[in-house]
Amino acid sequence: MLARRVIVRLGVGAAAALALLAAAGVHAEGAAKAHRVVQAPAARGAQPISSHDRVYTADMASNTVSVIDPKTNEVLGTIPLGQASLGQILGPVDTSQVGVHGLGFSRDGRLLDVISVNSNAAQLIDTQGNVVAKTSYVGRSPHEGFVSPDGKTLWVAVRGQRYVSVLSTRTGREVQRIMTADGPSKVVFSPDGKLAYVNHLRAREVEVIRVRDRRIIRRILGTAPKSSDEAISPDGRELWLGHPFTGQITVIDARRMRVLTILNTGPRTNHPQFVSKPDGHNYAYVTVGGLNETLVFQRDGAHPLLLKSIQDHGFGPHGIWPSPDNSRIYVALQNSDAVDVIDTATDTVIDTLHVGQDPMALVYVADAVPRGDGRIGLSRQGLGRPVENLSVEIRGTSGTAALTIRRLDDADELVLNARGLPARQTFTLDGVRPDGTAAPLFSVTTSANGSVDQALAYTDFLGLYDHAFLAPSPPGTPTPSLAHYHLLCGP
C-alpha cells in the first residue's frame, strides 16, 4: 500500500530581512527629486515599453517575486522572500516570509512593496538591486499595500482586522492606523494623489480618505459583497471593484462618490485594470478566474459595454496590469504558474511566460532599473517546476470540478475548484492510480451556493495518480487538510 503524506499550510509569523536601511532612506527622501516617469495605468501618450521597466508577480506557493523584462518578455529570475520547502515553513524556527501575495510600488519606480499574508509582513524592495530594504510586521492577514504618492509612507490594508497600517518607508515603523470598516482589502490612490480608496472583504462599502491628513471623508455604500481587489482609472473618474465570491464587478463614480452599476462578470472575478487606446475610447480589463478569461469592457459610466472575452493561455487568471503606453496588458495565470502578454490593439495573447509558483498580484513598474541589466540578486527559486491542471470526474451527483497540482520541494500542492454541486454537502476527492485503484486524498464541504473555491491541501500526487474523482462522502467524514479560499484572497 502506498504511503501518502498530507500537510496543512498554517500561517507562520516570523521573519528576517536583508536590511538596507540607508538605501531605503534615499528612496523615500529622494522620491520627489527623481526624474519623472509615468506609471501605468496611464492616459494616452506615456513613454513606450523600455528595458528599464519591470513586470513583477507575487508567487504565493514558492514565496518569491518573479521579475520580467517587458521589452524582451524574458523572465530574468525571482527574488526569494521565503522558503521553498514546506518542512521549513512549518517549522518552529522559520524566519522567512510565507504567502507572498500583494504588490504595489512607488511612483518613481524605485520601491516595490510586497505583502505576505501568512507571515503578516510588508516589505519594501529596492528595484535596482532586487534586495529587501525594509521588513515591517503589521496586524493579521494583510492583503495589499501601496506606497503613497509622495513616497514617504506605505499604506497596508490589514484585512484580518479593521485598519490600514501606515508605515514609514524610511524607518519601516508604523506611524498611524486608520480605522476602517471590517476587512480592508486594498488601498489605491487617486491620480492626483489627494485621495485614497479602501475596499473591503467584509463590508459593502469603500472608504475615501484624504491623504494629507489621513482622514476618512466619505463612505461609498452599496457595493457588491466581498470585494478583494480594486483599481482606479487613469483619469480618476472611475473605481472598479472585483468580487471573486459573487462573480461581480462594482463600478463607482470616483468623483461623485457613488455606485454606478454592478456587473455580473463570472465566477472568481479577480482584478480589474484600465487601458486608454488610440481610438479615443477608454477600456477596462477584468480577469475571471473561473472561466479562464480576461474580459474587455468599453467604459461608459453606468453602462459599460462588454466587447470581448479573451481566452487566456492557462488557468486561473488573477493579477493584471498594463504598460504605460497602453500597448500591452499582462495577466498572471495563478493555476498555470505563468503570465499572458496581451496585445491591446488586437486583444490577443501574443506570448505566455513561465514564472514562479502560484502567481497572484502582478504590477508593471516603469523605470524600475535605471542602470545595468537588473539581474543582480535574482535566483531560480520557483521556476521550471511541474504544474498540471486536471478535470475531475463527479460521481453521484451533477457539477464540475478541476484540480491544480504543483510540485513543491517536499510535497505536491493540490488546489480544488468546483461548481454546481449540492449546497453544504461534504465530498471526498480520490486519486486514481494507473492500475485503477483509488485512495482518498481529502474531504471538503461545499458552500451555500454549491461551490468549492480554491480548497487547498498537500499530499503526494504527481507520479502516483493519473486522475481524480469527487464523490459525496459517507456520513461523519471529517474535512481535514483544507484552507478554504486561501489562494483566492478569501477570509
For segment 126-134, does any single residue satisfy the condition of being without any contact (Cβ under 8 Å) to a residue 40 or more places away in the chain, out of contact with any helix residue (DSSP H, G or I) (no Cβ under 6 Å at 6 or more places or on another chain) and of a type outside the set (Lys, Arg)?
no
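Looking only at segment 153-168, how many residues end up being within 22 Å of the chain's Cα centre (by Cα) and outside any loop (DSSP other than H, G, I, E, B)? Can you show your working first?
Step one: filter segment 153-168 for residues within 22 Å of the chain's Cα centre (by Cα), giving 153-167.
Retained after the next criterion (residues that are outside any loop (DSSP other than H, G, I, E, B)): 153-158, 163-167.
Of the residues in segment 153-168, 11 are within 22 Å of the chain's Cα centre (by Cα) and outside any loop (DSSP other than H, G, I, E, B).
Please go through segment 300-328 and give me each residue that is among the basic types (Lys, Arg) and over 23 Å from GLU144 (Cβ atoms), ordered by number. Walk me through how you get there before you give the answer.
Looking only at segment 300-328, we keep the residues that are among the basic types (Lys, Arg), and these are 308, 328.
Of everything in segment 300-328, just one residue is among the basic types (Lys, Arg) and over 23 Å from GLU144 (Cβ atoms), namely LYS308.
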Do you know which of the residues in segment 426-447 that are at pLDDT 95 or above and not in a strand (DSSP E or B) is nearest to ALA468 (Cα to Cα)?
ARG433
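Output the strands (runs of 3 or more DSSP E) that fall wholly within segment 304-364 and possess 2 or more residues being at pLDDT 95 or above, in contact with a His (Cβ under 8 Å, 6 or more places away or on another chain) and farther than 24 Å from HIS243 by Cα, or say none.
Working: elements: 305-311, 317-322, 328-333, 338-343, 348-354.
Once the strands (runs of 3 or more DSSP E) in segment 304-364 are filtered for at least 2 residues that are at pLDDT 95 or above, in contact with a His (Cβ under 8 Å, 6 or more places away or on another chain) and farther than 24 Å from HIS243 by Cα, what remains is 348-354.
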For residues in segment 74-94 being aliphatic (A, V, I, L, M) and modelled with pLDDT under 95, which is nearest to the chain's Cα centre (by Cα)?
ALA84
Give segment 146-173 a look and list any residue that's crowded, with 24+ Cβ neighbours inside 10 Å and of a type in the set (Lys, Arg), or say none.
ARG159
Among the listed residues VAL415, VAL392, VAL444, which satisfies the condition of being aliphatic (A, V, I, L, M), in contact (Cβ under 8 Å) with a residue 12 or more places away in the chain and touching a Lys or Arg at 6+ places or on another chain (Cβ under 9 Å)?
VAL415
Sort out which residues of segment 174-226 are open to solvent by less than 60 Å² (accessible area, probe 1.4 Å), part of a strand (DSSP E or B) and acidic (Asp, Glu), and write them in order of number.
GLU205, GLU207
Any residue at all in segment 95-112 that is over 19 Å from the mean Cα position of the chain (by Cα), in contact (Cβ under 8 Å) with a residue 24 or more places away in the chain and outside any loop (DSSP other than H, G, I, E, B)?
no
Across segment 227-237, the tally of residues that are buried (at least 22 other Cβ atoms within 10 Å of the Cβ) and either among the basic types (Lys, Arg) or assigned to a strand (DSSP E or B) (or both) stands at 4
Single match in THR135, THR171 (criterion: polar (S, T, N, Q) and either more than 21 Å from ASP108 (Cβ to Cβ) or not in a loop (DSSP other than H, G, I, E, B) (or both))
THR135
Could you tell me whether segment 249-267 includes any residue that is farther than 30 Å from PRO48 by Cβ, acidic (Asp, Glu) and in a strand (DSSP E or B)?
yes
Keeping to segment 440-471, report how many residues are within 18 Å of GLU388 (Cβ to Cβ), of a type in the set (Gly, Ala, Ser) and open to solvent by less than 50 Å² (accessible area, probe 1.4 Å).
3
Of the candidates ALA58, ALA42, ALA84, the one satisfying the condition of being open to solvent by less than 10 Å² (accessible area, probe 1.4 Å) and part of a loop (DSSP other than H, G, I, E, B) is ALA42
Only one of these conditions is not met by LEU383: (1) of a type outside the set (Val, Ile, Thr); (2) open to solvent by 10 Å² or more (accessible area, probe 1.4 Å); (3) assigned to a strand (DSSP E or B). Which number is it?
(3)
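The values are calculated or read from the model by the stated rules, or taken from the named source; none is laboratory data. Predicted model, so just to flag it, every value in this text is computed and none were measured. Heads up, the Cβs are rebuilt from the backbone with ideal geometry, glycines too, and the neighbour counts pull from every protein chain shown. Accessible surface areas use protein heavy atoms only, side chains included; no ligands, DNA or RNA. Shrake-Rupley method; radii C 1.70, N 1.55, O 1.52, S 1.80 Å.
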